[in-house]
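Structure first, commentary second.
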Amino acid sequence: MSGETFTFTVDGVEIEAFPGQTIIQACDAAGVYIPRLCYHPDLEPAGHCRVCTCKIDGRRSSACTMPASRGMVVESNTAELNADRRTVIEMLFVEGNHFCPYCEKSGDCELQALAYRLGLAAPELPYQWPHRELDASHPDIFIDRNRCVLCSRCIRASRTEDGKTVFGFERRGIHMRLNIDAKALDETNIAAADKAVHVCPVGCIVIKRTGYRTPYGSRRFDQAPIGSDIEVKRAHHPAKEGR
Amino acid sequence: MQTERGAAATPSNAPSATRSVVGDAVKVAGSDRSRLMDIVQSVQVQLGFVPDEAIRAIADALGIHGVEVEDMVSFYAFLTREPKGRFHIRLSKTPISFMKGARDIARAFETAVGVPMGSMSSDGMFSLDWTNDIGMADQEPAALINGTVVTNLAPVDAETIVAALRQAPATSALPLFPGLDGQGPSLPRTRVASSLIQPGPIIFSRGGRGDGVRAALTLTPDQVIEQVTRSKLRGRGGAGFPTGLKWKLCRQSIGDAHHVVCNGDEGEPGTFKDRVLLTEIPDAVFDGMTIAGYALGARHGLVYLRGEYAYLRSSLQAVLDDRRRLGLQGKNICGREGFDFDIRIQLGAGAYVCGEESSLIESLEGKRGAPRDRPPFPTDRGYHQQPTAVDNVESYVCATRIMENGAEWFVGYGTRESAGTKLVSVSGDCPHPGVYEVPFGITVNELLDMVGSPEAAFVQVSGPSGQCVAPKDYGRRIGFEDLATGGSIMVFGPGRDVLDVAHQFSEFFVEESCGWCTPCRVGTTLLKEGLEKILADRGTLADVTALEALGGTVTRMSRCGLGQTAANPILTTMRNFPQAYEARLRPEPFLPRVSLREAMREAIAVQGREPVGEGEQV
């Protein structure tokens with residue numbers, strides 16, 4: 001980290017940032033949680049889901065892509081923004097085929113956890129019931145596109161972290177799908193240890209025979225709401241409270 | 001290597017033929033990954049589609065992954081991975097084409113070819129499809145036949161065209177411009193009328209070829225930018241960003257190679273003025289780009305020409321070749337030592353979103369046309385991450401005229417915030433559709449009188465992404481301070497259904513959403529479905545409220561201008577034509593999307609008994 005630190009505010013809380021940090025990076029470090037889905041701290045931001053949209057000096061932008069700058073005034077935890085975020089999460093639920101009660105990712109799923117955190121009990125938007133392809137060809141990895149939210153985490157991770165480019169998108173608009181670099185996954189050089197396999201926020205890319213090692217009820221978001229791991233940092237620095 | 005192996009492995013020589021077509025295309029493009037669009041288009045012309053074998057071959061030749069090639073190929077409407085007919089007939093689908101009888105033309109083609117729209121004839125000769133607005137709103141119904149545009153179609157033309165195409169000699173490659181290239185059949189209706197109805201004092205003031213460039217060269221680059229700034233020129237694509245400021249920011253950006261890009265995507269339904277400019281005064285466009293090249297210190301210019309305008313490419317290239325002979329392109333332009341500037345034409349492939357400048361840049365780089373997050377802005381990091389100024393075709397013409405005649409002359413026209421004149425493309429229920437150069441500040445009423453449609457029931461200003469204007473607002477003025485527009489003016493006469501038009505526009509956004517961000521990808525479909533419930537006479541007040549809220553979320557949360565305006569057809573008609581919605585609403589507090597009785601009709605008939613339960617309505 002080079003250069004002098006500076007500060008900006010999020011919902012009135014003063015946040016310290018380094019030059020080059022995005023808003024979400026600075027906020028994460030400071031223990032202020034901004035809801036997000038496609039963002040992953042180890043990957044380049046892509047701005048797909050728009051859940052981290054904030055009002056930045058009065059204009060909306062995604063916190064994962066916007067560089068922090070001195071004196072910026074950011075609104076995040078407002079009723080208006082959270083309502084829009086909730087609708088975006090709802091859109092993702094009706095776009096795919098998500099059945100939490102029998103999904104092996106339940107309790108460890110970021111989409112589900114965001115729905116709970118943002119107060120989405122059940123979608124009211126019309127379900128789209130799309131046809132989505134499965135791929136069980138690989139001995140260790142299973143892909144269920146019914147649960148894909150097109151966040152591109154696997155695409156980015158495979159390209160930049162694994163150096164493999166196993167994944168990509170295909171088509172556009174509502175017909176956009178996760179594509180793989182072969183007819184079937186077992187024809188690629190993907191391995192269960194790859195980063196791309198471990199960054200999926202939902203139950204689309206899972207490792208076979210591991211789904212129920214941790215029982216329902218004892219999983220990540222069964223213990224604490226999504227974002228708690230970030231917010232706990234701030235609890236340790238109560239002096240930073242700027243309200 | 002790959003070719004030999006493919007040939008050895010298969011008895012047929014088809015795979016090696018594919019590999020050799022790909023090899024040639026890649027070679028012509030200099031094995032440059034960012035020229036993937038050219039490579040794929042060239043392969044498609046040769047093979048009729050882009051087979052899996054070609055995808056693998058392209059990936060191998062460029063040293064990239066097949067999934068990257070598929071990502072790009074599957075994005076564009078004009079690229080196909082499935083075999084298509086030798087003659088791909090695409091009918092323009094817009095509210096304007098429908099009011100001019102496009103549905104009858106479709107039926108006539110279905111009869112002549114013998115298959116329904118959306119399919120291919122069994123002999124592989126014809127494919128019939130709809131495509132979104134092809135920039136011919138002044139002469140609908142229109143269609144593309146491969147690259148050839150046919151206009152002002154009457155149902156009787158379908159049979160003549162199909163018969164002529166059946167006579168076309170079979171060659172290996174796809175005839176890109178049947179009826180135009182002198183090789184194939186002679187087709188009726190291949191004339192694209194210019195439709196320049198009213199030239200005005202600025203854009204169509206006749207400057208000589210290169211005059212603007214020579215005038216610019218009497219100034220320093222900074223003085224050129226200063227002139228453009230003083231002229232108060234604002235971007236003519238509709239967003240209205242001050243051109244002088246854009247150029248200044250771009251010039252100040254540090255980079256290895258600055259770029260000048262001309263946005264000739266002209267995808268907004270109802271607009272066709274750039275087509276007219278590129279037909280009538282292409283030199284004024286190229287002069288403007290060259291002036292920008294001088295001002296920004298750029299050596300490379302790119303024209304992004306929408307795929308629908310492929311028929312213009314060869315004439316534009318001829319103009320560029322002329323300019324090179326005349327010393328207006330290439331090295332030491334106009335004799336100025338060290339001023340080198342070259343312009344290349346890049347053809348698009350059917351994607352409305354590529355009119356958005358960052359999507360356009362992605363497309364220029366041979367990728368899917370997904371917009372970028374800003375910052376960084378293209379003026380900092382655009383084409384190949386270099387400082388790039390992207391301006392509309394008309395903006396470059398204005399820059400040329402400003403150099404020729406001065407900034408003071410330019411600001412003498414228009415209003416305080418909207419200097420100069422504006423080209424508007426007028427179509428629809430109007431006796432004289434075409435391009436008009438009007439002073440900024442003109443009211444909708446004055447415009448309607450001018451085009452001969454004082455009785456208009458509603459006017460769509462700026463296409464689907466713009467506003468549906470009601471008669472009570474005909475006093476509003478065209479200009480950045482009121483009705484900002486890229487120039488699409490669709491006129492709808494009495495008897496046209498405002499909600500039907502809104503529905504077609506909503507469908508347009510579903511088809512053109514790039515899919516990158518959630519609110520637009522999913523929201524556009526949900527908006528369309530919400531409106532369809534109301535149009536099916538199953539809407540209640542609660543549906544209107546929910547639709548309005550959904551539209552707000554899509555507007556506020558979407559990543560680029562496409563999503564941010566995709567709800568406009570619904571939101572602006574709700575605001576300006578509430579009675580059209582009220583007339584459709586049902587009094588019940590709630591109705592499900594589908595009628596249970598309707599859904600079960602077949603089962604009821606088969607079983608011969610009624611469902612249990614009291615009166616589920618309708």
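Put a dot 7 Å past the Cα of A:N82, heading toward its Cβ, do the same for A:C100, and the two dots end up 1.7 nm apart.
When only alpha carbons are used to place a centre, the stretch B:405-443 and the stretch B:59-88 end up 41 Å from one another. At full extension, B:R476 and B:D222 could sit 87.7 nm farther apart than now, given 0.36 nm per residue minus the alpha carbon distance. In a fully extended conformation the segment linking B:A193 and B:R496 would gain 106.5 nm over its present Cα-Cα distance, using 0.36 nm per residue. Counting only DSSP beta bridges whose two residues both lie in the protein assembly as shown, roughly 60 percent are antiparallel. Against the empirical curve 2.2 N^0.38 Å, the C-alpha radius of gyration of the stretch B:401-472 lands at a ratio of 1.26. Of all lysines in the structure, the ones whose alpha carbon falls short of 24 Å from that of A:K183, not counting any fewer than 8 places away in one chain, are A:K164, A:K195, A:K208, B:K84, B:K367.
Only Lys, Arg, Asp and Glu carry charge here, each on its Cβ (+1 for the first two, -1 for the last two); on that basis the stretch B:1-157 has a dipole of about 100 debye about its Cα centre. The 3J(HN,Hα) values that the Karplus relation (6.51, -1.76, 1.60; θ = phi - 60°) gives for the stretch B:449-455 are, in residue order, 4, 4, 8, x, 10, x, 8 Hz. Gly and Pro appear as x. Sorted largest first, the spans of the alpha carbon positions of the stretch A:92-223 along the three principal axes are 39, 35, 24 Å.
Semi-axes, largest first, in whole Å: what does sqrt of 5 times each Cα gyration tensor eigenvalue give for the stretch B:130-258?
Working from the Cα gyration tensor, I get semi-axes of 44, 19, 16 Å.
Residues whose amide H falls under 5 Å from that of A:T22, counting only those 5 or more places apart or on a different chain, are A:A68, with hydrogens built in the peptide plane.
For chain A, the list of Cys residues with no other Cys C-beta under 4.7 Å reads A:C27, A:C52, A:C54, A:C64, A:C100, A:C103, A:C109, A:C154, A:C200. Note on B:Q579 and B:W130: with the Förster distance fixed at 45 Å, the Cβ-Cβ geometry gives a FRET efficiency of about 0.90. Taking the stretch B:89-166 as the region of interest, what is the percent of Cα-Cα pairs per 5 angstrom bin, listed from the shortest bin to the one with the maximum distance? Whole-percent P(r) values from 0 Å outward: 3, 18, 32, 28, 14, 4, 1. Distance between the C-alpha centres of the stretch A:109-183 and the stretch B:26-53: 29 Å, rounded to the whole angstrom. In this calculation the C-beta distance from A:R213 to A:K233 is compared with R0 = 30 Å, giving a FRET efficiency of 0.60. Over all directions, the projected convex hull of the C-alpha atoms in chain A averages 14.2 nm² in area. The fraction of Cα-Cα pairs per 10 angstrom bin, counted from 0 for the stretch B:196-411, comes to 9, 38, 40, 13, 0 percent, rounded to whole percents. Across peptide B:369-375, the average count of Cβ atoms from other chains found within 10 Å of a residue's Cβ is 4. Note on B:261-272: average number of Cβ atoms from other chains within 10 Å of each residue's Cβ is 0. Remark: chain A carries a charge dipole of roughly 240 debye about the Cα centre, counting +1 on each Lys and Arg Cβ and -1 on each Asp and Glu Cβ.
Look at the dipole of chain B built from charges on Cβ: of B:G66, B:C468, B:P433, the Cα furthest out on the positive end belongs to B:G66.
Taking a ≥ b ≥ c as the square roots of the eigenvalues of the Cα gyration tensor, the stretch A:1-100 is prolate, since a/c reaches 1.5 or more and a/b is larger than b/c.
Let me confirm one metric for peptide A:42-53, namely the mean number of other chain beta-carbon atoms within 10 Å of its residues' beta-carbons.
4
Of all segments of chain B bounded by GluC sites (Glu not before Pro) found in a DSSP loop with no more than 10 other C-beta atoms within 10 Å, the longest spans B:1-336. Computing FRET efficiency as 1/(1 + (r/R0)^6) for B:Q167 and B:S122, where r is the C-beta to C-beta distance and R0 is 25 Å, gives about 0.85.
Compared with the rule-of-thumb size 2.2 N^0.38 Å for a compact globular protein, chain B has a Cα radius of gyration ratio of 1.01. For the stretch B:488-499, putting each phi into the Karplus relation 6.51 cos²θ - 1.76 cosθ + 1.60 with θ = phi - 60° gives couplings of 7, 10, 9, 9, 10, x, x, x, 7, 9, 5, 6 Hz, in residue order, rounded to whole numbers and with x for Gly and Pro. Looking at the protein assembly as shown, what % of the alpha carbon pairs are farther apart than 36 Å? Counting pairs separated by more than 36 Å, the tail of P(r) holds 52 percent.
The alpha-carbon of A:K233 sits under 17 angstrom from the alpha-carbon of none of the lysines, leaving out residues fewer than 8 places away in its chain.
The phi-based Karplus calculation (6.51 cos²θ - 1.76 cosθ + 1.60; θ = phi - 60°) puts the 3J(HN,Hα) values of the stretch B:244-251 at x, 5, 4, 5, 5, 4, 5, 4 Hz, whole numbers, x for Gly and Pro. Amide H contacts of B:G184: B:G179, each under 5 Å away and 5 or more positions distant or on a separate chain (H built 1.01 Å from N in the peptide plane; Pro and chain starts excluded). A Cβ-based charge dipole, computed about the Cα centre of the stretch B:411-512 with Lys and Arg at +1 and Asp and Glu at -1, lands at about 320 debye. A simple spin-label model places pseudo-atoms 7 Å from Cα toward Cβ; at B:E588 and B:R336 they are separated by 7.1 nm. Close amide-amide hydrogen proximity is noted between B:H258 and B:R299, each under 5 Å apart and 5 or more residues distant or on a separate chain (H modeled in the peptide plane; Pro and chain starts excluded).
Just so you know, all these numbers are worked out from the coordinates, no wet-lab data involved. Here the structure is a predicted model, which means the values were calculated and not measured. Glycine gets a Cβ as well: all are built from the backbone with ideal geometry, and neighbour counts include every protein chain shown.
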